[in-house]
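Notes follow the structure.
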Amino acid sequence: MNREYKEKLSRKIEKNYSDLEMRIMEDIVRRIKKAGKITSTADWQINRLRILGNSSEDIEKMLKETLDASYPEMFELYDQVIDWEYVRNKDIYEQINAEFIPYEENGQLQQITNALIQQTDADLQNITQSLGFYLDYGTGKPVLTPLSEVYQKYLDAACMDIVSGAFDYNSVLRRVVTQLTNSGLRQIDYASGRANRVDVAARRAVMTGITQLTGHISDMNAEKLGTDYFEIAWHAGARPTHAVWQGRVWSREQLVTVCGLGTVTGLEGVNCYHERYPFIPGISERNWSDEWLEKKNREENTPKEFRGKQYTVYEAKQKQRQMETAMRAQREKVQLLRSGGADRDVITIERAKYQGQLNEYSRFSSKMGLKEERERIYIDGLGRVAPSKRFSGRG
């Protein structure tokens, strides 16, 4: 690696982290201004800034400048925090350790950075590996377009926010979908000719990117532990081709030959939610026994009926996703009618249709014994659309 390339890589790494720190700081300040104090979430985010290498002195200075507060006001904020039970690291507020954490001594930061480098082939761009807005001119090699660079910038920021631990997954997704739709995007076009709604494409890209980043971190941890074995996490409603290997222990070679690691449809491929953890045979204990896995497979493959149709757990979760997509489309339709000044009666009818979809979604989920995932519906950030308050929660 020549010096010029090293410097270029260093600048990209520095920009990614400085942008991340700015987003964290802006969110901390927003929370403090709203609550008039350092909330538990803001406290968590302040700790993430510390993990990213900032000294307690630097953090206090950044907060003071961004809040435009005086030192007496900052001392009062900090003094209040010290006595609260939720504080995770009182050293930050007492400034017992004002030193920043050097990169060479910051294991967590090194893990994240190395995972980003591996995931992007040292380019530090397009963390999700999305081909949205690439064009295929018949050469067999997709060509980057200016629009794809904009799309990737938002997705990269989302991945950085989630993998840092400073923001929760659903909040980040709501933000990135809002950013994309505010920029005028409603659908993501791919070089293959396929297209997806922006909310579907963003969720899938970010989820896949995060899963692949954690896979790289697992590889690094396994190397440190001197093991070539991994336990794959179990989750309900896995697609049938994944259900046969989830919850079990596999060698690094079997991750490829059995679980399909590195393929679009396999482990850590598109829409795969499975994580894997280093496993040391003879020392580590499995989280899911073969007997338990077999029992769960039988339960999940026993169909339940709804309106005359049978659904396994996997099929029911797929039906949920379809219903959520339809509801997001209906919410957007209502919003467009509103902004276009449509007749009030027309808008009322469309809102009532949406309320009916919500009711059906709730009934279906209850019948199938599944948790409602309404955050998938409200990812658009459009607020209340349903005409009735009969429902508990938002609409």
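The values are calculated or read from the model by the stated rules, or taken from the named source; none is laboratory data. Note that this is a predicted model, so its numbers are computed, not measured. Virtual Cβ from ideal backbone geometry, glycine too; neighbours counted across all protein chains shown.
So which of 209, 237 is touching a Cys at 6+ places or on another chain (Cβ under 6 Å) and touching a residue at least 60 places away in the same chain (Cβ under 8 Å)? It would help to see each step written out before you state the result.
On the way: 237 fails: touching a Cys at 6+ places or on another chain (Cβ under 6 Å).
Among 209, 237, only 209 is touching a Cys at 6+ places or on another chain (Cβ under 6 Å) and touching a residue at least 60 places away in the same chain (Cβ under 8 Å).
Only one of (1) in the same structural domain as residue 160 (by TED's automatic domain parsing); (2) at pLDDT 75 or above is not met by residue 117, so which one is it?
(2)
Give the range 28-76 a look and list any residue that's within 11 Å of residue 92 (Cα to Cα) and either outside any helix (DSSP H, G or I) or aromatic (Phe, Trp, Tyr) (or both), or say none.
54, 55
Need a quick list: helices (runs of 4 or more DSSP H) entirely within the range 149-249 having at least 2 residues that are hydroxyl-bearing (Ser, Thr, Tyr) and within 20 Å of the chain's Cα centre (by Cα). Walk me through it before giving the result.
On the way: elements: 169-182, 198-225, 240-243.
Correct list: 169-182, 198-225.
Of all the residues that make up the range 18-65, how many are surrounded by fewer than 17 Cβ atoms within 10 Å (Cβ to Cβ) and closer than 20 Å to residue 155 by Cβ?
Total meeting the criteria: 4.
Which of (1) assigned by TED's automatic domain parsing to the domain that holds residue 372; (2) without any contact (Cβ under 8 Å) to a residue 40 or more places away in the chain; (3) surrounded by fewer than 17 Cβ atoms within 10 Å (Cβ to Cβ); (4) of a type outside the set (A, V, I, L, M) is the odd one out, the single condition residue 263 does not satisfy?
(1)
Yes or no, residue by residue, for (1) at pLDDT 95 or above; (2) crowded, with 16+ Cβ neighbours inside 10 Å; (3) closer than 27 Å to residue 199 by Cβ:
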residue	(1), (2), (3)
288	yes, yes, no
329	no, no, yes
332	no, yes, yes
341	no, no, yes
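Those residues that are modelled with pLDDT under 75 and acidic (Asp, Glu), I need them from the range 163-200; list them, please.
Listed by number, the list holds a single entry, 189.
Can you name the residue in the range 361-375 that is of a type outside the set (A, V, I, L, M) and crowded, with 18+ Cβ neighbours inside 10 Å and, of all such residues, is modelled with the lowest pLDDT? Let's see the steps before the verdict.
Looking only at the range 361-375, we keep the residues that are of a type outside the set (A, V, I, L, M), and these are 361-367, 369, 371-375.
After this cut, where a residue has to be crowded, with 18+ Cβ neighbours inside 10 Å as well, the list is 361, 364-365, 374.
Details: 361: 97, 364: 98, 365: 97, 374: 91.
In this case the residue turns out to be 374.
Give me the residue from the range 304-320 that is exposed (fewer than 13 other Cβ atoms within 10 Å of the Cβ) and not acidic (Asp, Glu) and, out of that set, nearest to residue 239 (Cα to Cα).
Restricting attention to the range 304-320, the residues satisfying the condition of being exposed (fewer than 13 other Cβ atoms within 10 Å of the Cβ) are 305, 307-310.
Of the ones still in play, those that are also not acidic (Asp, Glu) are 307-310.
Values: 307: 23, 308: 23, 309: 19, 310: 17 Å.
Going through the qualifying residues, I end up with 310.
Among the numbered criteria (1) farther than 19 Å from residue 305 by Cα; (2) under 30 Å from the mean Cα position of the chain (by Cα), which one does residue 343 miss?
Among (1) farther than 19 Å from residue 305 by Cα; (2) under 30 Å from the mean Cα position of the chain (by Cα), the lone unmet condition for residue 343 is (2).
Here is a list of conditions, (1) under 28 Å from residue 175 (Cβ atoms); (2) in contact with a helix residue (DSSP H, G or I) (Cβ under 8 Å, 6 or more places away or on another chain), and residue 368 meets all of them except one; can you say which number that is?
The one condition residue 368 does not meet is (1).
For residues that are without any contact (Cβ under 8 Å) to a residue 12 or more places away in the chain and of a type outside the set (Val, Ile, Thr), tally how many sit in the range 316-349.
Counting residues in the range 316-349 that are without any contact (Cβ under 8 Å) to a residue 12 or more places away in the chain and of a type outside the set (Val, Ile, Thr) gives 11.
Please pick out the residue among 251, 289, 284 that is more than 20 Å from residue 221 (Cα to Cα) and of a type in the set (Ser, Thr, Tyr).
Details: 251 fails: more than 20 Å from residue 221 (Cα to Cα); 284 fails: more than 20 Å from residue 221 (Cα to Cα).
Result of the check over 251, 289, 284: 289.
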